[in-house]
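Notes follow once the structure below has been shown.
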Amino acid sequence: MQYNKPINSSLQRVIEKYLPAAQAAGCFSPLEGLSGGSVYFSIGTREYVARQQLETSMPGVSLARQYRALTRISRGIGSRPVCLAEGWLIVEWLNGEVKSELPSLHSLTSLLYDLHHQPCFGWRINLLPLLERYWQMAARERRSLAWLRLLKKMKKQGEPKPLRLAALHMDIHAGNLVYQEQSIQLIDWEYAGDGDVALELAAIVTGNNIDSESLIRTYAQMSHIQVDELSRQVRRWRPWVILLMASWYECRWQQTQDRTFLTLADEAWCRLQRND
């Protein structure tokens with residue numbers, strides 16, 4: 001990805017204003033990711049990530065909310081924000097290792113426990129409006145009757161009533177975990193908000209290769225929730241999460257024409273059929 005001159009100029013102005021000790025930023029390197037729009041840069045020994053608000057950003061994604069989320073979480077859970085200005089969010093780079101697999105069950109559950117005991121952010125995660133916007137933004141030829149029927153069915157039944165409301169990250173996978181000496185920290189908080197802890201668990205077990213029963217049982221014990229109750233709630237959320245994934249991929253396919261998203265969407269639709 002190459003950034004044109006106006007964007008580089010705007011980012012440089014933000015750097016000069018909010019990092020005044022810097023004479024000039026060092027190398028700029030675009031960061032890979034399904035959402036895009038992020039760039040790494042260094043100033044001396046300090047390292048940062050800048051994320052731009054894209055013109056074709058996804059519904060529900062807000063740099064302002066991401067900035068507010070990062071200002072609220074405790075140190076040791078996520079990056080420290082530097083500023084939000086001129087359409088750029090700058091955060092400190094987290095040095096550490098990103099592994100290809102999730103951490104041990106105990107480490108993952110402890111991370112979730114700490115995250116869900118942060119103060120609520122102040123805005124709710126509402127899936128139904130997102131699902132409806134994804135439908136509207138998807139390619140016309142991909143908007144099937146089965147998809148529309150499922151969307152209407154979920155609208156009629158409504159989202160599950162939260163079992164326990166908490167601050168959620170909502171994009172926990174191996175690529176968003178940075179291993180440091182004393183902790184595991186989370187990056188990419190663009191979908192963070194307040195929601196049911198069972199929704200977060202449903203998203204993790206749906207989007208990752210993990211023993212769902214063990215995760216639910218361990219989390220329930222640590223959080224003093226009845227295992228059966230939590231398990232039922234996670235099952236209630238799973239169709240919502242799978243539809244959310246399928247819809248997100250469909251929307252990204254329409255935006256980018258990258259066939260990777262088309263493949264992922266087809267896989268999610270198959271999972272949704274099996275879930276039924």
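Across all Cα atoms of the chain, the radius of gyration (one decimal) and Dmax (whole number) stand at 19.3, 58 Å. For Thr256, the accessible surface of its heavy atoms amounts to roughly 60 Å² (probe 1.4 Å, protein chains only, rounded to the nearest 10). In terms of its alpha-carbon gyration tensor, segment 143-196 comes out oblate; a/c meets the 1.5 threshold, while b/c is at least as large as a/b. For the chain, the longest principal axis of the C-alpha atoms and the axis of helix 127-137 are separated by about 70°.
Multiplying the residue separation of Asp258 and Asn126 by 0.36 nm and subtracting their alpha-carbon distance yields 44.8 nm. Here is the list for segment 62-115: trypsin sites (Lys or Arg not before Pro) lying in DSSP coil, each with at most 15 other C-beta atoms within 10 angstrom of its C-beta, are Lys99. A straight chain from Glu213 to Gln136 at 0.36 nm per residue would run longer than the Cα-Cα distance by 24.2 nm. Net charge dipole, the chain: roughly 980 debye, given to the nearest 20, about the Cα centre with Cβ charges of +1 for Lys and Arg and -1 for Asp and Glu. Principal axis analysis of the Cα atoms in segment 123-276 yields extents of 47, 37, 30 Å, listed in decreasing size.
Directionally averaged projected area (segment 66-147, Cα convex hull): 9.1 nm². Compute the Cα gyration tensor for segment 40-178, then decide on rounded, prolate or oblate, letting a ≥ b ≥ c be the square roots of its eigenvalues: rounded whenever a/c is under 1.5, prolate when a/b is larger than b/c in the other cases, and oblate in all that remain. It comes out prolate by the Cα gyration axes. Approximating the spin labels as points 7 Å out from Cα along Cα→Cβ, the Gln273-to-Ile43 distance works out to 5.3 nm.
With respect to the chain, whose longest principal axis is taken over its alpha-carbon atoms, helix 212-223 is tilted by about 70°. These residues, Val91, Val98, go from largest to smallest accessible area, 1.4 Å probe, as Val98, Val91. Where the alpha-carbon atoms of segment 105-197 are placed on the principal axes, they occupy 50, 28, 24 Å, in descending order. Estimated from the Cβ-Cβ distance and a Förster radius of 30 angstrom, the FRET efficiency linking His173 and Lys153 is about 0.60. Relative contact order for the chain: 17 percent, from Cα pairs under 8 Å spaced at least 6 residues apart, divided by residue count. Take the Cβ atoms of Ala146 and Asp194, set R0 to 35 Å, and the FRET efficiency comes out at 0.65.
What aspartates and glutamates could a cross-link reach from Lys156, if we take a straight Cα to Cα line under 19 Å and drop same-chain neighbours fewer than 8 places away? Reachable aspartates and glutamates: Glu132, Asp276.
Checking every one of the GluC sites (Glu not before Pro) in segment 166-240 against DSSP loop status and a limit of 15 other Cβ atoms within 10 Å picks out Glu181.
In whole percent, and with a 1.4 Å probe on the protein chains, what portion of the accessible area of segment 188-276 is carbon and sulfur? About 42 percent, which is the carbon plus sulfur part of the accessible surface.
When DSSP assigns beta bridges and you keep just the ones with both residues in the chain, what percent turn out antiparallel, to the nearest 5?
90 percent
If you line up the long axis of helix 63-72 against the longest principal axis of the chain, both from Cα atoms, how many degrees apart are they, to the nearest 10? On a 0 to 90 degree scale, this one is about 90.
The values are calculated or read from the model by the stated rules, or taken from the named source; none is laboratory data. A quick note: this is a predicted structure, and the numbers were derived from the prediction, not measured. A quick note on method: Cβ atoms are made from the backbone with ideal geometry, for glycine too, and the neighbour counts reach across all protein chains shown. Accessible surface areas use protein heavy atoms only, side chains included; no ligands, DNA or RNA. Shrake-Rupley method; radii C 1.70, N 1.55, O 1.52, S 1.80 Å.
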